[in-house]
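Peer 1: Questions regarding the structure given below will be posed in turn.
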Amino acid sequence: MTAKDSASFMIRGNDTLVYVENYPKANGVRVEYEYKDSTFLHYYKDVAFQYKVDSLKSKASMRYWKEGLRIYLSKSIFGKPKREFKRFAKEIGEVSDSLKVSFVSKVEESNYIIYAQGDFEYESSLINQKYSDFYLFWNGKNQIYKCALKVNKKQMFNNELLTYKLKELFFKSLGYFSLSDELSCDNYFSNCFSKNKKLSRLDKALLKYHYSYGICKGTTLSVFEEQQQLMKKSLKENPNAKLYFLHSD
């Protein structure tokens, strides 16, 4: 592959595709590769690829919402926690055009349900869950399409703690994210408790990158790292190269 050729090659799955002038175009949308330095990618991989044991690390996949979130809040979520949560969700929805967040008044119109212990059990997988948690559904492409989030209000001493828990679980459910031990406590991606958490610049950057189409979506960690190496190698050989990902859906 010459430097001229590499100026328009694309990665699709594990394949390298070279764009040839006047050749019939493949189905899909080309999006230019989004470069990030090694420090940023270290943080991203730490939060985006969740695994339970080290032996499964390379096979861990990034998961994302393909369609917009349509959130239904049960009547037991009200007052200040409801207002603060809706403000937070709106701020989240402004981070990326690919992550849309809205609220619906009818449960049948939703794909994201938030309720409390003692409410109607909307998700059978959470019936015996004693602690606040969420349950995600995703398809074979690692696209999340449904979520149920359940909070145990009896474990919350006040509305401030309830609001904190709603925000924390919601944030994690945006990509089946892990929380990092390396980040300061004021970040939502940080694995520590702080009343002073806010949607930091780094939180927004990591979330925006996760929903960027300048990376290949739904891949395993090993494929993600391989693609990054290929892209950076090509840029090193030709700094003016234009590199693309092809997204078929």
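The values are calculated or read from the model by the stated rules, or taken from the named source; none is laboratory data. All of these numbers come straight from a predicted model, not from anything done at the bench. FYI the Cβ positions are ideal-geometry reconstructions off the backbone, even for glycines, and counts take in every protein chain you see. The accessibility values were calculated without ligands, DNA or RNA, using every heavy atom of the protein model including side chains. Shrake-Rupley method; radii C 1.70, N 1.55, O 1.52, S 1.80 Å.
Peer 1: Can you give me the number of residues within the range 51-67 that are of a type in the set (A, V, I, L, M) and at pLDDT 90 or above?
Peer 2: In the first step, residues of the range 51-67 are kept if they are of a type in the set (A, V, I, L, M); the result is 53, 56, 60, 62.
Of the ones still in play, those that are also at pLDDT 90 or above are 60, 62.
Number of matching residues: 2.
Peer 1: Does LEU162 qualify as being under 19 Å from PRO81 (Cα atoms), open to solvent by less than 50 Å² (accessible area, probe 1.4 Å) and either outside any strand (DSSP E or B) or in contact (Cβ under 8 Å) with a residue 12 or more places away in the chain (or both)?
Peer 2: Criteria met by LEU162.
Peer 1: Identify all residues within the range 104-117 that are open to solvent by less than 10 Å² (accessible area, probe 1.4 Å) and among the small types (Gly, Ala, Ser); write none if there are none. Spell out the reasoning first.
Peer 2: We begin by selecting, within the range 104-117, every residue open to solvent by less than 10 Å² (accessible area, probe 1.4 Å); these are 112, 114-116.
Of everything in the range 104-117, just one residue is open to solvent by less than 10 Å² (accessible area, probe 1.4 Å) and among the small types (Gly, Ala, Ser), namely ALA116.
Peer 1: Go through (1) open to solvent by 50 Å² or more (accessible area, probe 1.4 Å); (2) within 30 Å of LEU221 (Cβ to Cβ); (3) touching a residue at least 60 places away in the same chain (Cβ under 8 Å); (4) not β-branched (Val, Ile, Thr) for ARG63 and report which single condition fails.
Peer 2: Of everything listed in (1) open to solvent by 50 Å² or more (accessible area, probe 1.4 Å); (2) within 30 Å of LEU221 (Cβ to Cβ); (3) touching a residue at least 60 places away in the same chain (Cβ under 8 Å); (4) not β-branched (Val, Ile, Thr), ARG63 misses just condition (1).
Peer 1: Select from the range 195-219 the residues that are basic (Lys, Arg) and open to solvent by 50 Å² or more (accessible area, probe 1.4 Å) and write down the one among them that is farthest from LEU243 (Cα to Cα).
Peer 2: If we filter the range 195-219 for residues that are basic (Lys, Arg), which is where we start, we get 195, 197-198, 201, 204, 208, 217.
Right, trim to open to solvent by 50 Å² or more (accessible area, probe 1.4 Å) and you get 195, 198, 201, 204, 208.
Numbers: LYS195: 42, LYS198: 34, ARG201: 26, LYS204: 24, LYS208: 19 Å.
My answer is LYS195.
Peer 1: Could you please find all residues in the range 165-175 being more than 21 Å from ILE127 (Cβ to Cβ) and either of a type outside the set (Gly, Ala, Ser) or surrounded by fewer than 21 Cβ atoms within 10 Å (Cβ to Cβ) (or both)?
Peer 2: Within the range 165-175, LYS167, GLU168, PHE171, LEU174 qualify.
Peer 1: Related question: Every residue in the range 235-249 that is touching a residue at least 24 places away in the same chain (Cβ under 8 Å) and either over 14 Å from LYS36 (Cα atoms) or over 27 Å from the mean Cα position of the chain (by Cα) (or both), please. If you could, list the steps in order and put the result at the bottom.
Peer 2: Kept after step one, since they are touching a residue at least 24 places away in the same chain (Cβ under 8 Å), are these residues of the range 235-249: 235, 237-238, 240-249.
Selection gives GLU237, ASN238, ASN240, ALA241, LYS242, TYR244, PHE245, LEU246, HIS247, SER248, ASP249.
Peer 1: Return the only residue of LEU235, LEU183, LEU221, LEU243 being more than 30 Å from TYR72 (Cβ to Cβ) and touching a Lys or Arg at 6+ places or on another chain (Cβ under 7 Å).
Peer 2: Answer to the check: LEU221.
Peer 1: Moving to a separate point now. Looking for something assigned to a loop (DSSP other than H, G, I, E, B) and modelled with pLDDT under 95 - is there at least one such residue anywhere in the range 224-232?
Peer 2: no
Peer 1: Which members of the range 118-159 meet the condition of being closer than 23 Å to GLU84 by Cα, among the basic types (Lys, Arg) and either open to solvent by 30 Å² or more (accessible area, probe 1.4 Å) or touching a Ser or Thr at 6+ places or on another chain (Cβ under 6 Å) (or both)?
Peer 2: Hits for the range 118-159 are LYS146, LYS153, LYS154.
Peer 1: Now, a different point. Criterion first (at pLDDT 95 or above and either open to solvent by 70 Å² or more (accessible area, probe 1.4 Å) or assigned to a loop (DSSP other than H, G, I, E, B) (or both)) does ARG70 satisfy it?
Peer 2: yes
Peer 1: Of the residues SER96, SER102, only one is among the small types (Gly, Ala, Ser), under 30 Å from ASN240 (Cα atoms) and under 20 Å from the mean Cα position of the chain (by Cα); which?
Peer 2: SER96
Peer 1: Residues in the range 10-50 that are at pLDDT below 70 and surrounded by 15 or more Cβ atoms within 10 Å (Cβ to Cβ): how many?
Peer 2: Of the range 10-50, the ones at pLDDT below 70 are 10-27.
Adding the requirement that they be surrounded by 15 or more Cβ atoms within 10 Å (Cβ to Cβ) leaves 10-12, 17, 19.
So the answer is 5.
Peer 1: From the list LEU149, LEU136, LEU99, exactly one residue is under 22 Å from TYR209 (Cα atoms), in a strand (DSSP E or B) and touching a residue at least 12 places away in the same chain (Cβ under 8 Å). Which is it?
Peer 2: None of the others qualify; the one that does is LEU136.
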